[in-house]
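The values are calculated or read from the model by the stated rules, or taken from the named source; none is laboratory data. Fair warning: this is a prediction, and the values are worked out from it, not measured in the lab. We work out accessible area using only protein heavy atoms, side chains counted, and drop any ligands, DNA or RNA first. Shrake-Rupley method; radii C 1.70, N 1.55, O 1.52, S 1.80 Å.
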Amino acid sequence: MIKPNPAPALLYTSSFNRKCKFAQVSRPPLARGPIGSNRSNRLRAGHATRNSKRSSLRRLKNGVPQGSVLALLLFNIYISELPTTISRKYAYADDLAIIHADGDWQAVEGVLTKNMATVSEYLQTWKLKLSTTKTVSAAFHLNNKEAKRELKVKYNNETLPFCSEPKYLGVTSDRSQEADITSRTLRRLAGSGWGAGATTLRIATLALVHSTADYCAPVWCRSAHTCLINPAINGALRIVTGCLRPTPANNLPILAGIQPAELRRNEVTLSLAHRALEPGDLLHSALTRPSSANA
């Protein structure tokens, strides 16, 4: 997450521990149908744990094998009714990210602590356990003065550990979300693990690369150092198109179906200039206001 101002933003990652007490878990009715009669399930067995005591080995007649696609689908159905929180939630299987942005550190910590209390009640209701060893908090901002500040988010009256470079869904992020982090994210999406298509890579490039490269473009687009941004953009376009270095850089935007960077900057600059001509625009009043020297 990239913030153009020094306002802190938090990414909170957690995992639900599915090694719950079998005797206390209420499985949804969907898991008790024909799925429970799967032949491979009849060969699976497990223990039930209660008060540090473990029962004898028992055969599991319900459920699906761990690691299967159907197991993730059923688990998504199981946790589909997550409680409403002030912060935004992003979930993938048993990994959950809670994100909140605010200009005040204490406000961020208070909101996230409150949201964690809400999640804690939900987990207790459905007999789920939070994996505290995999739960961390992190802040994303561009305020160098607060670079070493750590967030203090509590869960069950215990402060969660702070991580400056958290890893979520295989992608490691840092505080300022530098260009190399973005490039690694695109490469992971295009790799054999994710295998994202051209459309997904194009959308990710527009969201991660071009949105950052075009930030405040009308201010610096006439500078002689503008060309220093082009290598990062061309590298992202090569990932989208699959082209190698011998491919001319001028052809990459055409093959990717993305407007060239120079044209995008000129379009943003002209759009800002047209808005400045309107009498009701704030920029128009600032430009037409007489200076103190002429007063």
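General remarks:
- Working note: Karplus 6.51/-1.76/1.60 with θ = phi - 60° gives the stretch 247-259 the couplings 5, x, 5, 5, 8, 5, x, 5, 5, 7, x, 10, 4 Hz, where Gly and Pro are set to x.
- Cross-link partners of K154 among aspartates and glutamates, defined as those whose alpha carbon lies under 13 angstrom from its own and excluding same-chain residues fewer than eight positions apart: E109.
- Protein-only accessible surface order, largest first, of K53, K148, K129 at 1.4 Å: K148, K53, K129
- Built amide H within the under 5 Å cut-off of L130, gap 5+: N17
- D214 contributes an accessible area of around 30 Å² to the protein surface, as traced by a 1.4 Å probe with all chains present.
- Heavy atoms of R275: accessible area, 1.4 Å probe, square angstrom to 10: 120 Å²
- Phi to ³J(HN,Hα) by Karplus 6.51 cos²θ - 1.76 cosθ + 1.60 over the stretch 97-113, Hz, x for Gly, Pro: 10, 10, 10, 9, 10, 7, x, 10, 5, 5, 5, 5, 5, x, 5, 6, 5
- Over 31 Å (Cα to Cα) - which of K129/K167; K114/K134; K53/K152 fall in this group: K53/K152
- Accessible area of the stretch 63-138 divided out per residue, in Å², using a probe of 1.4 angstrom: 55 Å²
- For the stretch 86-170, the Rg and Dmax computed from alpha carbons only, in angstrom: 13.1, 42
- Database remark: amide H of V136 closer than 5 angstrom to the amide H of T13 (H placed geometrically; neighbours at sequence offset of 5 or more, or on other chains; Pro and chain starts carry no H).
- Considering only Cα atoms, the convex hull volume of the stretch 231-278 works out to 69 Å³ per residue.
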